[in-house]
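Student: Before I ask anything, let me first share the structure, which is written out below as structure tokens.
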Amino acid sequence: MDKSKRPFLKSKRFFRRRLPPIESGDRIDYRNMSLISRFISEQGKILSRRVNRLTLKQQRLITIAIKQARILSSLPFLNNEKQFEKFERSESTIITPGLRNRKK
């Protein structure tokens, strides 16, 4: 057939199916830090289900595990080390020696 006779037919696109991020044998647990750390952004935020390519049940379990790990101090609530360094430097410049010697 000629291309002019079928102008509205689209060519078939082949795509590679992505592997699921969580295998069936993986336990979603607050102690499994290698698994949990894959679903957290650089700022320490929990990534959305769309970005993670997880099912609803898996996303809920991951969220619970991350929150448990944060409460038990395995994970930080925020990962803002650069902002903290800036805050420390600016705080040290504000303090003046005259205020320290003031009597109350």
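Each reported figure results from applying straightforward, stated rules to the coordinates on display, with no laboratory input. Keep in mind the model is a prediction, meaning the values are calculated, not measured. Note that each Cβ is placed from the backbone with ideal geometry, even for glycine, and that neighbours are counted across all protein chains shown.
Student: Which ³J(HN,Hα) values, rounded to whole Hz and listed in residue order, are derived for the range 28-37 from phi using the Karplus coefficients 6.51, -1.76 and 1.60 in 6.51 cos²θ - 1.76 cosθ + 1.60 with θ = phi - 60°, glycine and proline given as x?
Tutor: 8, 9, 5, 7, 7, 5, 5, 6, 4, 5
Student: Roughly how many nanometres apart are two label points built 7 Å out from the Cα toward the Cβ at Phe77 and Arg53?
Tutor: It works out to 3.3 nm between the two label points.
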